[in-house]
Structure formats: C-alpha cells, structure tokens
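What follows is a single structure, written as structure tokens, with notes after it.
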Amino acid sequence: MMGIEELPLRVLVTKIGLDGHDRGSRIVAAYLRDAGMEVIYTPPWQVITGVVKLATEEDVDVIGVSSLATDHLIIPKMMNALREAGLDHVRVIVGGIVPDEEKDALYAVGVSRIFGPGSSRDEIVEFVNSAGRASRSDRANEFSEAKS
C-alpha cells in the first residue's frame, strides 16, 4: 500500500468571480498534469463556497486561482473560508494579472506565490510540487498532533 507521500499531488485549478478568461489556467492545468499531478479543473465563474467544498471533497494539496480581472480581490475571503473549513494546510497560489501594489495584501492573507505573465512551466511546476509537499507535511503534523 502506498503512503501519502507517494501519491500524486492533487491540485485544484479554478477561477473565482466573474472573469471568464481561462486560457492561461487551462495551460497551467496541462503543465501540472504532464508533471504527474492529479488536476481538478473547474470552469470559470466559481463561488468561494463551491471552491472550498470541492477542495474538501477532492482532498487537494494546492489550489491555483487564475485572475485576469480583479478577481484576486476576493481571495482574502476565500482564504478565510479555507481556514474556517479546517484547510489551513492547503497552499494557495495565484496566477495572472495582479498589480504590484496589491500583491502584499495577498501574501498577508496566506497566498503562497503569485505567478504573473511570462512565468515558465518549470518555475510553476517546481513551485507547485514544493508547495504540495509542504501542504502534505503540515497535514501529517496536524494529524499526529491530534492523535497525541
């Protein structure tokens, strides 16, 4: 039987809010699949409660949110909803257009990384792999502390 460390990472790639431009998120989802990760891909126009529910049901390690409009401004609400659902260990990354002056606010609420236009496939895959492993480690630590 495989240990959790040996199972493919599970990544949810989604778009919250009203932005319907999903070409970039589809490309990133393909990069991650090609790298051996299990990718759960949603169509655009997701609501936060739906993303949190899906992240719980699919037992994801990482959530990637694509934003080409101003949808990154609702990510703090999503981060709160993830914490309330007990998904503190899940890493969240953002890809797309985020003005420089708004990046610090996303990092302050717990976003792990922001990828802008021109980010390379290798850079994205490497970071998601690292973030997913860290997520699993945190979850394992939470589980062992709860058992003690």
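What follows draws every value from the coordinates through simple rules; no lab data is involved. This is a predicted model, so every value here is computed, not measured. Cβ sites come from the backbone with ideal geometry, for glycine too, and all protein chains shown count toward neighbours.
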**Message:** With +1 assigned to the C-beta of every Lys and Arg and -1 to the C-beta of every Asp and Glu, and no other charges, what is the dipole magnitude of the chain about the Cα centre in debye, to the nearest 20?
**Reply:** 220
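Going by how many other Cβ atoms sit within 10 Å of their own, how do Arg121, Arg23, Arg139 line up, fewest first?
Placing the least packed residue first, the sequence is Arg23, Arg121, Arg139.
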**Prompt:** Under a plain spin-label model, where a point goes 7 Å from the Cα along Cα-to-Cβ, how far apart in nm are Arg83 and Leu18?
**Reply:** 2.8
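Rule-of-thumb check for the chain: C-alpha Rg over 2.2 N^0.38 Å?
Relative to the 2.2 N^0.38 Å estimate, the chain comes out at 0.99.
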**Request:** Given the options His72, His21, His89, state which has the largest fluctuation in a GNM of the chain using a 10 Å cut-off (strictly under) for Cα springs.
**Result:** His21
**Asked** Who wins for biggest fluctuation among Gly116, Gly50, Gly24 in a Gaussian network model of the chain, springs between alpha carbons below 10 Å?
**Response** Gly50
**Sum of -39500 (n - 2.57) over DSSP H runs of 4+, divided by residues of the chain (222 nm, nearest 500)** = -15000 deg cm²/dmol
**Prompt:** Among Val13, Val47, Val90, which one moves the most in a GNM of the chain with springs linking Cα atoms closer than 10 Å?
**Reply:** Val47
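Which value, in Å to one decimal place, does the Kirkwood hydrodynamic radius take for region 29-101 when every pair of different Cα atoms is included?
Details: mean 1/r = 0.0767 Å⁻¹.
After inverting the pairwise mean of 1/r, the radius is 13.0 Å.
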**Prompt:** Quick one: how many lysine pairs in the chain have C-alpha atoms under 21 angstrom apart, if they're 8 or more apart or on different chains?
**Reply:** 5
**Item:** Relative contact order, percent, the chain [alpha-carbon distance under 8 Å, six or more residues apart]
**Value:** 26
